[in-house]
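Participant: Before we start, here is the structure in question, set down as structure tokens.
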Amino acid sequence: MGSQFKSDVNPPSGQKTGTTVRMKEQVGDKAVQAKDAVADFGRRTIDSLDAQRDSAAASLAHTASALHQQADKVAGVAHATADKLQETADYVGEHDVRAMATDVGDLVRRYPGRALAAAAVMGFLLAWVVRRGSEGAST
């Protein structure tokens, strides 16, 4: 057994060259295969990252566009509100209480259903404020 081990480890010189060459070729082939596998894996990873990047960029662009649209809407509402507040301030500044009471009376006659609904809402709000105020005073 010991002599067989020596012959496997140290083959005769004629076999040594053939075995060494074969082993070198096998190691070289395996190294080429490993290099190709790593390169292929790298290419697939880069392709996957590029696809995800493109998808994320498209999603971000869509979100930015939606935000711009919403910002435009909010700006429009803010401008409209500011315009109405300015009109109200101008009206209050230009009219006395008697003229405002006359205008309110005209609105009630022109839109009685809406006036009644507005009065009901104002009554509920006033009752809520008074009740909240009395609850806060008792605690």
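Participant: Treating the beta-carbon of each Lys and Arg as +1 and of each Asp and Glu as -1, no other charges, what is the dipole magnitude of the chain about its Cα centre, to the nearest 20 debye?
Facilitator: 860
Participant: Around Val77, under 15 Å between beta carbons, what's the net of Lys plus Arg minus Asp minus Glu among the other residues?
Facilitator: 0
Participant: Now for a separate question. Tilt of helix 97-110 relative to the longest C-alpha principal axis of the chain, in degrees (0 to 90, nearest 10)?
Facilitator: Once rounded, the angle reads 70 degrees.
Participant: Treat every Asp and Glu Cβ in the range 18-74 as -1 and every Lys and Arg Cβ as +1, leave all other atoms uncharged, and give the resulting dipole magnitude about the Cα centre to the nearest 20 debye.
Facilitator: 240
Participant: I want to verify a result. In a Gaussian network model of the chain, Cα cutoff 10 Å, which of these has the top mean-square fluctuation: Val27, Val129, Val97?
Facilitator: Val129
Participant: May I ask for the net charge around Thr88, where only other residues with Cβ less than 13 Å from the Cβ of Thr88 are counted and Lys, Arg are +1 while Asp, Glu are -1?
Facilitator: Every neighbour counted, the sum reads -4.
Participant: Report the rotationally averaged projected area of the range 75-139 based on its alpha-carbon convex hull, in square nanometres.
Facilitator: 7.1
Participant: Let me ask another. What does the charge count around Ser65 come to, taking other residues whose C-beta lies under 15 Å from its C-beta (Lys +1, Arg +1, Asp -1, Glu -1)?
Facilitator: 0
Participant: Taking the Cα centre of the chain as the origin and placing charges on Cβ (Lys, Arg +1; Asp, Glu -1), which of Thr19, Phe124, Thr45 is farthest toward the positive end of the dipole?
Facilitator: Thr19
Participant: Using only the Cα atoms of the chain, what semi-axes does the equivalent ellipsoid have when each is the square root of 5 times a gyration tensor eigenvalue? Give whole Å, largest first.
Facilitator: 95, 23, 12
Participant: Which one of Leu107, Ala31, Ala56 is farthest out on the positive end of the charge dipole of the chain, using unit charges on Cβ (Lys, Arg +1; Asp, Glu -1) and the Cα centre as origin?
Facilitator: Ala31
Participant: Something else about it: Using Cα atoms only, what is the angle between the long axis of helix 112-138 and the major principal axis of the chain, expressed in degrees (0 to 90) to the nearest 10?
Facilitator: 80
Participant: Ignoring everything except DSSP H segments at least 4 long, calculate the 222 nm mean residue ellipticity for the chain; use -39,500 (n - 2.57) per segment, divide by total residues, nearest 500.
Facilitator: -34500 deg cm²/dmol
None of the figures in this text is laboratory data; all of them are computed from the coordinates on show. Keep in mind it's a predicted model, so treat the numbers as computed, not measured. As a convention, Cβ positions derive from the backbone with ideal geometry for all residues, glycine included, and neighbour counts pool all protein chains shown.
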